[in-house]
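The block underneath contains the structure these notes are about, expressed in structure tokens.
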Amino acid sequence: MEEVDVEPAVTNIPAAGQGKHLGFAWGPGGILVYETHHQPKEAKGPGSPYIHEVRKDEDIYSPILRKLFNESHHIFVGLQTIRDELPSKNKKPQFVSVSKNYRSIIRACMEELHFCASDHPSNLIWNLCEVLFIDAAPAGSLLLHLLDWVRLHKADVDEKTREVLQSESPAEHHNYWDVVVSYVLQGRLEEARQMLVKQANIQPAARNMYKLMDTLLSKMPFYNPSGTQTLTEFDVKWRHWHEEVDRCLQDNSFASSQHLETICKILAGDEDTLLEQKDLLSTWYHFLVTRLLYCHPTVKPTELHYYAQSCLTMFLETSAPEPLDSILLAAFEFDIHQVIKDCSIALNNWWFVAHLTDLLDHCNLLQSHNLHFGSNLREFLLLEYASGLFTHHSLWQLAVDYFDHCPEFGHVYLELQIERVSLDTERKALKVLRICEQRQMSEQVRSICKIMAMRALKNNRLGSALSWSIRAKDAAFATLISERFLQDYCSKGTFSDLDLIDNLGPAMLLSDRLTFLGKYREFHKLYGEKRFTEAAKLLLSLMMAKIAPRSFWMTLLTDALPLLEQKEVLQLWYIVTHQIPQNIFPIQDEDIEVTKVELLRLALARNLAMAIVKEGTVEA
């Protein structure tokens, strides 16, 4: 966890003073810590006036690590699709491939952060877990994988080699023998032989001695897992070679060259000589792999913990192990749960343990003691990681897929976290809404739509507000906005957002007021197309249905004026006498022009007269 101070900038959070009390408040991304005003009698000195924000997963704000989160998200989703019906053995190559993909993006991101990517703890630990747990190499192959692991994470010898070879006289360079011995310690014997040729060329008198060393190096057997040789046959061949190395030491074949004798003792697996190379080995686990190479090349996985513990003790002597040492030791002991626990404490974000645990769970490696523990541990770590992503303005979208693949609590967590996403723009709101709709999160859908509808209404964007309220299926809010549309029409004489109103379709049935708005707009379209009879019938039906707001009746009747003057005789007087409230025509009203009322009365009277005449004519 990293801390960010509100004011002033300090390097760490102060402990509570003597007798003082600390208060704290949880937030979605961290904790606020402060000293309270509570002052017991024994309290001394003033309290701290500052508030400190302790944030978790601060790495999500690093641009380079965001690349790690984005790219690993695709690998994670792909891993979830590996079919469960395949036997574990058939899926092993796929899991190893997934692990390597994870390591490649760790490596790329660490290089961008200007770390030594090969020696970064996260890459180191992941690679070892891949060798021991996921690939699960057997005896013989195990050592080969461990050699690759050490070579990958101890690459300084290659830099020294370039420096030596670029000099005028490589064999006389001050790092020459360090390079040769380092190659031998890593089992890179072919490179060691090529370097020794340069020394032999400048020492003709010692050429036979160098030739003997070259023979020993060339004859050292390495197990070939893809060959026809059995592990027992390899062990016999290796022992014969080892006896030959021992004879050379007993015969003092290299007594005249301190460096060659040191190399010979390393080949013989002499522990004292190996420990003398601490500077070149630099770590106890490098010492472990070199010791296994020259003493126990057929080591079994079950024997690793014994050699690892002894090498740690021998190499560190009285020094206390670092957290990384404890993690690697737990891995060599095949204690997966301890590895995960220690990584959770030592590493500064949940990315590593969440993805590693997920992969191990897919490999069925976490269920050794409890069938449910592995899945629960996986889900807990994924939930923690995804919750951290949700505090970021863009990474929250990645978190959704992680919650989707947490079968027990993922949906609940998503419901809680989605409410914390800031709906800054309509585009972002639509993204959140689509996520909720796809997961049948009806309450969250309604909440988002209401928020956006209220915001649009506040900004007088009636079309957007109506669209959101329809999406929320909120009849009350749709009624409110429909009335606002009608008020706007009364004041302006035109409708805004015609495209939306024209295409309401079945949505207009959400509320009576919305139905009226849609039908009233339809009336205007018919009138504009000079389809007066249809327009009048629609207007008549609207009046008889009584779904128009009371305040809008006068507008409806005013709209009827031109229709009453048409040649088609329409019996609208019935509406006036039976449907319209009696007080719709006040004698004096400041809000209604007297002239308009009189015109309406006149038009209705003429319409009635025409209807009577026509009816009498038809009867005759």
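Rule-based calculations on the coordinates, nothing more; no lab input. Fair warning: this is a prediction, and the values are worked out from it, not measured in the lab. So basically every Cβ, Gly included, is an ideal-geometry build from the backbone, and we count neighbours across all protein chains shown.
Among rounded, prolate and oblate, which fits region 295-449 when a ≥ b ≥ c are the square roots of the eigenvalues of its C-alpha gyration tensor, a/c under 1.5 means rounded, and a/b larger than b/c means prolate? The partial results should precede the final answer.
Numbers: a/c = 4.15, a/b = 2.53, b/c = 1.64.
Cα axes put region 295-449 in the prolate bin.
Count the net charge of all other residues whose Cβ sits under 13 Å from the Cβ of Cys449, scoring Lys and Arg as +1 and Asp and Glu as -1.
Values: positive: Arg434, Arg446, Lys450, Arg455, Arg471, Lys473; negative: Glu426, Glu437, Glu443, Asp474.
Here the count lands on +2.
Let a ≥ b ≥ c be the square roots of the eigenvalues of the Cα gyration tensor of region 126-272; is it rounded (a/c under 1.5), or, if not, prolate (a/b larger than b/c) or oblate?
On the way: a/c = 2.40, a/b = 1.33, b/c = 1.80.
It comes out oblate by the Cα gyration axes.
Grab the Cα-Cα distance for Thr555 and Ile451, subtract it from 0.36 nm times how many residues apart they are, and report the gain in nm with one decimal.
On the way: separation 104, 0.36 × 104 = 37.44 nm, distance 3.22 nm.
Between Thr555 and Ile451, full extension yields an extra 34.2 nm.
Report the gain in length on full extension from His305 to Val197: 0.36 nm times residue separation, minus Cα-Cα distance, nm rounded to one decimal. Can you show the working numbers first?
Numbers: separation 108, 0.36 × 108 = 38.88 nm, distance 3.85 nm.
Residue separation times 0.36 nm, minus the Cα-Cα distance, leaves 35.0 nm.
Run the quick spin-label model on Glu426 and Ser97: label points 7 Å from Cα toward the beta carbon, then report their separation in nm to one decimal.
4.5 nm
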